[in-house]
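Below is one structure, written out as structure tokens; comments come after it.
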Amino acid sequence: MALEHRMIEPFEDRQIRNGVISYGVSSYGYDIRVSNEFKVFTNVHSAIVDPKRFDKASMVDIVSDDPILIPPNSFALARTVEYFRIPRRVLTICVGKSTYARCGIVVNVTPFEPEWEGYVTLEISNTTPLPARIYPNEGIAQVLFFEADEECEVSYADKKGKYQHQQNIELPKV
């Protein structure tokens, strides 16, 4: 199904794990990679986090192929290496990989709704009192796919969802 619908690009048809945090096809899902683009929260400008009036000054942009650090008890946004096209009969749930979870790093991603398309914006929380290292172009989370018996009545594309076709890390929109 993934190849037929071009659901994931680039697509790894097996799990890659030689010296990296694994990514690619897993037993019942797909392990996604974090790209080298990050937005890390900072308090330099004393901004307030408000989802209705998000202040871009609350984050610093980092582009690096080297590991990046998320400060203690802090948060970053990133995007996937993979571009997704979700068929109308499919819904996904994304959960963090155990390698990061066991280090106190939580990855949150909202479900990919039927007919959603784009790069995934990842929410990465460092819940520890220590800096946390994140490895670009390596596995960060696992996507689980659920196929329905019939098509949904209204898809994300039908609703003209505000995060449709995202190409970059998307900040909150109302």
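When Y156 is evaluated against the numbered criteria (1) touching a strand residue (DSSP E or B) at 6+ places or on another chain (Cβ under 7 Å); (2) at pLDDT 95 or above, which criterion, by number, is the only one it fails?
(1)
Conditions (1) at pLDDT 95 or above; (2) in contact with a strand residue (DSSP E or B) (Cβ under 7 Å, 6 or more places away or on another chain), marked per residue:
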position	(1), (2)
E4	no, no
I8	yes, yes
Y28	no, yes
I32	yes, yes
S35	yes, yes
V49	no, no
D66	yes, no
E82	yes, yes
P87	yes, no
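Is there a residue in the stretch 101-115 that is of a type in the set (S, T, N, Q) and farther than 13 Å from S35 by Cβ?
yes
List the residue pairs whose Cβ atoms are under 9 Å apart, where the first residue sits in the stretch 77-100 and is over 18 Å from Y23 (Cα atoms), the second is among the hydroxyl-bearing types (S, T, Y) and in a strand (DSSP E or B), and the two are 6 or more positions apart or on different chains.
Listed pairs, sorted by first residue: L77/T121; I86/T92.
What is the one condition in (1) hydroxyl-bearing (S, T, Y); (2) under 23 Å from V174 (Cα atoms); (3) in contact (Cβ under 8 Å) with a residue 12 or more places away in the chain that S46 does not satisfy?
For S46, the failing item is (3).
Does the stretch 69-77 contain any residue that is assigned to a strand (DSSP E or B), more than 16 Å from the chain's Cα centre (by Cα) and at pLDDT below 95?
Scanning the stretch 69-77, I find no residue that is assigned to a strand (DSSP E or B), more than 16 Å from the chain's Cα centre (by Cα) and at pLDDT below 95, so the answer is no.
Across the stretch 94-111, what is the number of residues that are more than 17 Å from S27 (Cα to Cα) and either modelled with pLDDT of 95 or more or aliphatic (A, V, I, L, M) (or both)?
Result for the stretch 94-111: 9.
Can you report the number of residues in the stretch 1-23 which are closer than 25 Å to W116 by Cα and not in a loop (DSSP other than H, G, I, E, B)?
3
Name the single residue, out of those in the stretch 118-174 being of a type in the set (D, E) and closer than 20 Å to F38 by Cα, that is surrounded by the fewest Cβ atoms within 10 Å (Cβ to Cβ).
Filtering the stretch 118-174 for residues that are of a type in the set (D, E) and closer than 20 Å to F38 by Cα, the one surrounded by the fewest Cβ atoms within 10 Å (Cβ to Cβ) comes out as E123.
Return the residues of the stretch 46-92 that are exposed (fewer than 15 other Cβ atoms within 10 Å of the Cβ) and more than 21 Å from N137 (Cα to Cα); say none if nothing qualifies.
S46, I48, V49, D50, P51, K52, R53, D55, K56, A57, P72, N73, listed by residue number.
The values are calculated or read from the model by the stated rules, or taken from the named source; none is laboratory data. Quick caveat: nothing in here was measured; it's all calculated off a predicted structure. So basically every Cβ, Gly included, is an ideal-geometry build from the backbone, and we count neighbours across all protein chains shown.
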